[in-house]
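Here the structure is laid out as structure tokens; the discussion comes afterwards.
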């Protein structure tokens with residue numbers, strides 16, 4: 001597995017619509033040495049130990065409980081809501097989930113030589129109605145970048161550790 005790196009948002013990314021209209025949108029990617037479906041990637045992401053901490057906080061502080069079973073059902077396309085997120089759009093290779101002003105984006109891209117899959121994860125933050133991102137966005141941006149890398153690394157490791165147990 002390579003290290004997670006910031007990357008350019010692909011032109012065909014569902015998240016590109018946010019960048020085009022002036023919202024913040026980012027992209028991180030990592031390559032894993034096996035075939036991975038979008039469902040497998042999303043399930044690994046939402047059931048990773050790193051993300052389970054966020055799920056615990058959401059359940060206890062914001063009353064958005066969630067389970068691994070719900071994460072797997074979301075990943076398979078059997079549910080459209082998971083904790084605080086609602087599926088906004090989904091294709092065979094990518095999905096966007098919305099929660100308030102934030103969006104989470106997942107994309108899988110098989111490598112042309114068949115040697116693995118490029119996993120991409122990104123976020124968008126929609127501008128406030130009165131414009132701009134707000135002071136909290138600037139204050140938390142550094143943490144957000146680090147956390148995105150941690151979550152993508154955790155999902156990639158989970159996929160490599162137990163690829164058959166995920167959808």
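The values are calculated or read from the model by the stated rules, or taken from the named source; none is laboratory data. Owing to the predicted nature of the structure, the values given are computational and were not obtained by experimental measurement. No Cβ is skipped: glycine too gets one built from the backbone with ideal geometry, and neighbour counts run over all protein chains shown.
Exactly one residue among 50, 43 is part of a helix (DSSP H, G or I), under 20 Å from residue 147 (Cα atoms) and at pLDDT below 95, and that residue is 50. Selection of the range 68-88 for residues being in contact with a helix residue (DSSP H, G or I) (Cβ under 9 Å, 6 or more places away or on another chain) and outside any loop (DSSP other than H, G, I, E, B) yields 68, 70, 71, 72, 74, 75, 81, 82, 85, 87. Take residue 72 and decide whether it is farther than 20 Å from residue 119 by Cβ, within 16 Å of the chain's Cα centre (by Cα) and surrounded by 14 or more Cβ atoms within 10 Å (Cβ to Cβ). The answer is no for residue 72. Looking at residue 30, is it in a strand (DSSP E or B) and surrounded by 21 or more Cβ atoms within 10 Å (Cβ to Cβ)? Yes, satisfied.
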